[in-house]
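One structure below.
The values are calculated or read from the model by the stated rules, or taken from the named source; none is laboratory data. Just so it is clear, the structure is predicted and the values come from calculations on it, not from any experiment. Neighbour counts are summed over all protein chains in view; Cβ atoms, including those assigned to glycine, are modelled from backbone coordinates with ideal geometry.
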Amino acid sequence: MTETRIDPALVEWTGLNGLPRFDLVKDDAFADGFAAALAAHEAEIDAIAGNPEPATFDNTIAALEIAGDELSRVSALFWSRAGANTNDTIQALERDIAPKMSRHYSKIGTNAALFARIDALWEARETLNLSLEQTRVLERHWKGFVKSGARLAKPEQDRLAAINETLAGLGAKFGQNVLADEKNWALLLDEGDALDGLPDFLKDAMAAAARERGEDGRFAVTLSRSIIEPFLTFSARRDLREQAFRAWVARGENDGETDNRGIVRETLALRAEKAGLLGYTNFAALKLDNTMAKTPEAVNGLLMQVWEKAVARAREEEAELAALAAEEGHNHAVMPWDWRYHAEKLRAKKFSFSEAELKPYLQLEKIIDACFDVAGRLFGIRAVEKTGVPVYHPDVRVFEVRDRDDRLVAMFLGDYFARASKRSGAWMSSYQSQHRLPLKNGTVGELPIIYNVCNFAKPAEGKPALLSLDDARTLFHEFGHALHGMLSDVTYPSVSGTGVARDFVELPSQLYEHWLTVPEILTRYAVHYQTGEAMPAALLDKVLAAHTFNSGFATVEFTSSALVDMAFHTRGAVEDPMAVQQEVLETIGLPASIVMRHATPHFQHVFSGDGYSAGYYSYMWSEVLDADAFAAFTETGDAFDPAMAARLKTYIYAVGGSVDPEDAYKAFRGKLPSPEAMLEKKGLAA
């Protein structure tokens, strides 16, 4: 039998500063690459577990930290492609490899000899003279093995492995179904009254989307947020808004091959069974065990405290929208496909500006520059764009990130435009994480290679990409995550960068959003794409004055989704998830004019993998932290206060998971926050 070989392009990254040579990576190389890398990792694990020497931190935990390097590289390339530039070959392999990866890690997690070594170290941890970071790394491995079933009897271990394998396949299928629904639906319009109310930037984006679908000369409403949300905001055609909205909220709920409701039902049942096998009351208790929140009760307590204020504000907002609609001769109730349209008109009336008036000042290029400028002022880094570097799609851009001494500290890739081969949303990930351990190839440590993926509407040829204020915030948000990876300064890979508790991971990203609306940043970078003139002071003042406009709506959208997520994962198996969703929304009193931000059949945070399952609340938990953290700068009178920025870098962005998140936050701020600053930021404190 011939030995399966790994295509060197998958694991020997010889591009600029150690980037992968994306141009040499072939889709059909991944299957063999995974097979060989999985076998190599298994051999490394067996060698660690079978080491005849007594367990030490170095020969067991540190060895585990660097094991599987080839698998990490193949995986990083593959999952990047699966999310940002997929095709039929990649999707077929994704459905195959997700269960295989689960099976592989289940086998490691139940390796009795390996766990015996880790358990011995855990029991003796007080006598090992470990550093704080080493203790955290040991704890992470020990808890990971326990949650993988290391302490279970063999039949229960086998059942847990089978559950995890099935869940992995279900998660992959869930995400592919949502992508298929987004890819396959478009509302094609022609010149005329179908375009009534639409600003030029949106018509340009819709024309580009139509051309991509072979419909040159027409205009396509797609389910990409960068098109569907502005269409719902500006279209004067209520019938078309309703048609597009219903398609948007029906993703994953269509009675066809891409219907996700059965996947959700099976997923919830398996997660509940998994929690029971591991001794937890429910899956939420399992997921929250190693977070700041710690219990479902603490999560629901925060969510309901915010919900009561948010829904009251949303009802006030709805009454204002209904009154405005009546003034304009509309006699219908405000429905979900009406809210954004009437809210935009109310914003224009209240603050004398509209999103369409603001958008010409928010060029993608300038907002990218603003992201880098803020990072330079706070953390002393700068970005140098490199052209001619091989990438996985022509839209991807490459930057070297350097410090004040011109030392290379990271590589950063930005992939900003929507396309049919990319899943919706925006995210940060990495090809490799920062650490300082010696590797088997003789190098010591690795440079972080971080990337951001967004879904902004691609402009017509020769025209600039214009962002909404929400788009600009998204760009800052994801770059905040990227900074968490790029500024990491730890020894061990497992606690590098974003390797932190789920309800702490959003702090660096949400906090970074605040600097977008610092007046000196907007004044410098919010310049008109045609005239180059800065945003007028009067418009800037209106934008800042309107920062809490429509906050009831936005908070209700989010909080309802978080409450449904927690309900699913505290109840266990449910026969009809959609009935549970409806019951929760009726119990909390969701207004008929608003829907969940992510309805269950397309709630990818929760069901396309389990990253945010019983964890969607974490955005709000982190928002409590970020509001208080930015207040630390406000209190100094300088949004770029050098001493505060140094503390922020040292205790939040650089430490990763090497410090307990509560301790890290208190080291930065001197105390833990209360929700008041967050409620005030949202305009919900009264």
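Against the test of being closer than 24 Å to A348 by Cα and hydroxyl-bearing (S, T, Y), the options S551, S509 yield a single qualifying residue, S551. Checked against (1) at pLDDT 95 or above; (2) surrounded by 21 or more Cβ atoms within 10 Å (Cβ to Cβ), P394 passes all but a single condition, namely (2). Give T291, T295 a once-over and let me know the one that is of a type in the set (S, T, N, Q), surrounded by fewer than 16 Cβ atoms within 10 Å (Cβ to Cβ) and over 30 Å from I228 (Cα atoms). Exactly one of T291, T295 is of a type in the set (S, T, N, Q), surrounded by fewer than 16 Cβ atoms within 10 Å (Cβ to Cβ) and over 30 Å from I228 (Cα atoms), namely T295. Out of all the residues in segment 402-422, is one or more of a type in the set (G, A, S), touching a Leu at 6+ places or on another chain (Cβ under 8 Å), surrounded by fewer than 22 Cβ atoms within 10 Å (Cβ to Cβ) and part of a loop (DSSP other than H, G, I, E, B)? No, every residue in segment 402-422 fails to be of a type in the set (G, A, S), touching a Leu at 6+ places or on another chain (Cβ under 8 Å), surrounded by fewer than 22 Cβ atoms within 10 Å (Cβ to Cβ) and part of a loop (DSSP other than H, G, I, E, B). Summed over segment 249-269, the residues that are of a type outside the set (G, A, S) and over 18 Å from L179 (Cβ atoms) give a count of 4. Of the residues L223, L268, which single one is closer than 16 Å to H598 by Cβ and either among the hydroxyl-bearing types (S, T, Y) or not in a helix (DSSP H, G or I) (or both)? Residue meeting the stated conditions: L223.
Evaluate segment 294-305: report whether one residue or more is basic (K, R) and touching a residue at least 40 places away in the same chain (Cβ under 8 Å). No, every residue in segment 294-305 fails to be basic (K, R) and touching a residue at least 40 places away in the same chain (Cβ under 8 Å). Selection over segment 1-51 of residues that are closer than 30 Å to A150 by Cα and either acidic (D, E) or without any contact (Cβ under 8 Å) to a residue 40 or more places away in the chain (or both) gives a count of 11. Do we have any residue at all in segment 1-18 that's under 12 Å from D69 (Cα atoms), under 29 Å from the mean Cα position of the chain (by Cα) and assigned to a helix (DSSP H, G or I)? Among the residues of segment 1-18, at least one is under 12 Å from D69 (Cα atoms), under 29 Å from the mean Cα position of the chain (by Cα) and assigned to a helix (DSSP H, G or I), which makes the answer yes.
Looking at the structure I just gave you, is S509 closer than 30 Å to K542 by Cβ, part of a helix (DSSP H, G or I) and not assigned by TED's automatic domain parsing to the domain that holds V221? Considered against the rule, which asks whether it is closer than 30 Å to K542 by Cβ, part of a helix (DSSP H, G or I) and not assigned by TED's automatic domain parsing to the domain that holds V221, S509 comes out as yes. For segment 70-158, the helices (runs of 4 or more DSSP H) that sit wholly inside it and include 1 or more residues that are within 30 Å of K26 (Cα to Cα), hydrophobic (A, V, I, L, M, F, W, C) and over 22 Å from the mean Cα position of the chain (by Cα) are 88-109. Is it true that G50 is touching a Lys or Arg at 6+ places or on another chain (Cβ under 7 Å), surrounded by fewer than 20 Cβ atoms within 10 Å (Cβ to Cβ) and not β-branched (V, I, T)? When the stated conditions are applied, G50 does not pass them. With respect to being surrounded by fewer than 19 Cβ atoms within 10 Å (Cβ to Cβ), of a type in the set (K, R) and outside the structural domain of N441 (by TED's automatic domain parsing), R136 falls outside the description. Scanning segment 626-637 for residues that are surrounded by 13 or more Cβ atoms within 10 Å (Cβ to Cβ) and among the acidic types (D, E) yields D626, D628. One residue stands out among those in segment 295-310 that are of a type in the set (S, T, N, Q) and either in contact with a helix residue (DSSP H, G or I) (Cβ under 8 Å, 6 or more places away or on another chain) or not in a helix (DSSP H, G or I) (or both): the one that is farthest from E557 (Cα to Cα), which is T295. Can you confirm whether segment 389-396 contains a residue that is of a type in the set (S, T, Y), outside any helix (DSSP H, G or I) and not assigned by TED's automatic domain parsing to the domain that holds L466? Within segment 389-396, not a single residue is of a type in the set (S, T, Y), outside any helix (DSSP H, G or I) and not assigned by TED's automatic domain parsing to the domain that holds L466.
Would you check if there is a residue in segment 100-117 being more than 30 Å from L138 (Cβ to Cβ), aromatic (F, W, Y) and not assigned by TED's automatic domain parsing to the domain that holds E385? Checked against the condition, which is being more than 30 Å from L138 (Cβ to Cβ), aromatic (F, W, Y) and not assigned by TED's automatic domain parsing to the domain that holds E385, segment 100-117 yields no hits at all. Among the residues of segment 207-222, just one is under 26 Å from the mean Cα position of the chain (by Cα) and modelled with pLDDT under 95, namely A209. If you filter segment 53-66 down to residues that are charged (D, E, K, R) and surrounded by fewer than 15 Cβ atoms within 10 Å (Cβ to Cβ), you find that the one that is nearest to H141 (Cα to Cα) is D58.
Residues of segment 484-496 that are within 15 Å of S72 (Cβ to Cβ) and either over 14 Å from the mean Cα position of the chain (by Cα) or without any contact (Cβ under 8 Å) to a residue 12 or more places away in the chain (or both): Y492, P493, S494, S496.
For R246, indicate whether it is buried (at least 18 other Cβ atoms within 10 Å of the Cβ) and either assigned to a strand (DSSP E or B) or touching a residue at least 24 places away in the same chain (Cβ under 8 Å) (or both). In short, no.
Scanning segment 27-68 for residues that are among the aromatic types (F, W, Y) and within 29 Å of A84 (Cβ to Cβ) turns up F30, F34. Summed over segment 160-200, residues that are in a helix (DSSP H, G or I), touching a Phe, Trp or Tyr at 6+ places or on another chain (Cβ under 7 Å), more than 27 Å from P601 (Cα to Cα) and of a type outside the set (A, V, I, L, M) total 0. Any chance segment 464-474 includes a residue that's within 30 Å of Q134 (Cβ to Cβ), touching a strand residue (DSSP E or B) at 6+ places or on another chain (Cβ under 9 Å) and in a loop (DSSP other than H, G, I, E, B)? Taking every residue of segment 464-474 in turn, none turns out to be within 30 Å of Q134 (Cβ to Cβ), touching a strand residue (DSSP E or B) at 6+ places or on another chain (Cβ under 9 Å) and in a loop (DSSP other than H, G, I, E, B). The lone criterion from (1) touching a residue at least 12 places away in the same chain (Cβ under 8 Å); (2) under 30 Å from H342 (Cα atoms) left unmet by V137 is number (2). So which of K366, K349, K345 ends up being basic (K, R) and exposed (fewer than 14 other Cβ atoms within 10 Å of the Cβ)? Unique residue meeting the criteria: K349. Checked against the criteria, L16 does not count as surrounded by 16 or more Cβ atoms within 10 Å (Cβ to Cβ) and at pLDDT 95 or above. Residues being more than 22 Å from the chain's Cα centre (by Cα) and within 26 Å of P459 (Cα to Cα): count how many of those fall in segment 366-383. Going through segment 366-383 one residue at a time, the tally reaches 3.
Just to be sure before I move on: is R225 under 27 Å from L469 (Cβ atoms) and at pLDDT below 95 in the structure I sent? Yes; evaluated as a whole, the condition is true for this residue.
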